[in-house]
Amino acid sequence: TANAGGKGYEVDIELPSGVYAGDVVDKRPKLSSGIRRHESCVWPSPDPERHAGCLRLYVADRPLSKSGAVPWPLLRSGLTDVFERQPIGVDERGEVVMMTLMWGSGAIGAVPRVGKSYAMRVLNAIYALDPSVEIHFYDWKGGGDHDEVELVAHTFISGADEPDFKAAMADLDHLIE
């Protein structure tokens with residue numbers, strides 16, 4: 001057992017033969033109950049450097065909801081560069097997660113109320129702070145979650161009516177040209 005930077009503890013566990021780390025990850029609620037810790041304190045994961053029966057378990061000192069916000073590094077700087085690694089969030093340890101956005105791709109999807117719009121706001125802020133980026137934003141949901149992007153976007157379409165789709169197709173045709 002080792003202290004993981006003063007925020008919790010991490011341990012590597014050799015599981016019994018035939019038990020896979022993924023099995024434990026899938027049963028995280030039962031694991032948190034078994035060790036009597038809040039579920040948002042318990043973070044099992046496979047160890048990518050070792051075999052399938054090796055579990056890495058991080059147990060935080062307190063639940064994520066009680067950890068407080070981590071200051072966003074981009075608050076200290078006025079420009080970004082999508083060719084360089086950018087801060088997109090924090091992990092369960094409160095450590096900044098970095099990602100190079102240029103040449104990458106991704107999808108954001110989840111059940112309602114878990115942060116999809118927030119994640120898009122972070123990405124849009126990074127893109128908006130890079131003067132070399134053109135933002136072409138299509139919000140099929142509408143509803144105003146991303147209206148602030150309109151202030152910096154080259155194209156902003158919000159809604160799912162036929163005129164919205166036609167405008168998006170025209171914009172995509174323009175981009176292809």
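The values are calculated or read from the model by the stated rules, or taken from the named source; none is laboratory data. Computed from a predicted model, the values in this text were never measured in an experiment. Counting neighbours? That spans all protein chains shown, and the Cβs are built from the backbone with ideal geometry, glycine included. Surface areas here come from the heavy atoms of the whole protein model, side chains and all, with no ligands, DNA or RNA. Shrake-Rupley method; radii C 1.70, N 1.55, O 1.52, S 1.80 Å.
Take the chain with all the other protein chains still there, run a 1.4 Å probe, and you get 67 Å² of accessible area per residue. Positive end of the dipole of the chain (Cβ unit charges, origin at the Cα centre): among ILE135, VAL82, LEU64, the Cα lying farthest that way belongs to LEU64.
Using the beta-carbon distance between VAL152 and ILE88 and R0 = 25 Å, what value does 1/(1 + (r/R0)^6) give for FRET efficiency, to the nearest 0.05? Efficiency at R0 = 25 Å is approximately 0.85. For SER45, the accessible surface of its heavy atoms amounts to roughly 40 Å² (probe 1.4 Å, protein chains only, rounded to the nearest 10). Across the chain, Cα-Cα distances exceeding 22 Å account for 60% of all pairs.
Shape of the range 97-177 from the C-alpha gyration tensor: oblate (a/c of 1.5 or more and a/b not above b/c, with a ≥ b ≥ c the square roots of its eigenvalues). Accessible area per residue was computed with a 1.4 Å probe on protein heavy atoms; THR100 scores about 60 Å².
Fully extending the segment from ARG50 to ARG113, taken as 0.36 nm per residue of separation minus the present Cα-Cα distance, adds 19.1 nm.
Of the candidates VAL19, VAL111, VAL97, which one comes out as most mobile in a Gaussian network treatment of the chain with C-alpha springs shorter than 10 Å? Highest fluctuation among the options: VAL111.
Comparing TRP140, TRP43, TRP72 in a Gaussian network model of the chain where C-alpha atoms under 10 Å apart are linked, the largest mean-square fluctuation is found at TRP140. Taking the Cα centre of the chain as origin and assigning +1 to Lys and Arg Cβ atoms and -1 to Asp and Glu Cβ atoms, the resulting dipole is close to 1220 debye. Protein-only accessible surface at a 1.4 angstrom probe places the residues LEU31, LEU74 in the order LEU31, LEU74, largest first. In the chain, helical runs assigned H by DSSP with n ≥ 4 each contribute -39500 (n - 2.57); averaged across all residues and rounded to the nearest 500, the mean residue ellipticity at 222 nm is -7000 deg cm²/dmol.
Per-residue extension of 0.36 nm, minus the Cα-Cα distance of TRP140 and TRP103, leaves a gain of 10.9 nm for this segment. Using alpha carbons only, how many degrees (0 to 90, rounded to 10) separate the axis of helix 162-176 from the longest principal axis of the chain? Roughly 90 degrees, rounded to the nearest 10. Checking every one of the chymotrypsin sites (Phe, Trp or Tyr not before Pro) in the range 1-70 against DSSP loop status and a limit of 16 other Cβ atoms within 10 Å picks out TYR20.
Per-atom-type breakdown for the range 7-141 gives carbon and sulfur 57% of the accessible area (1.4 Å probe, protein chains only). In loop segments of the range 83-116 as defined by DSSP, the GluC sites (Glu not before Pro) with at most 14 further C-beta atoms inside 10 Å of their C-beta are GLU84, GLU95.
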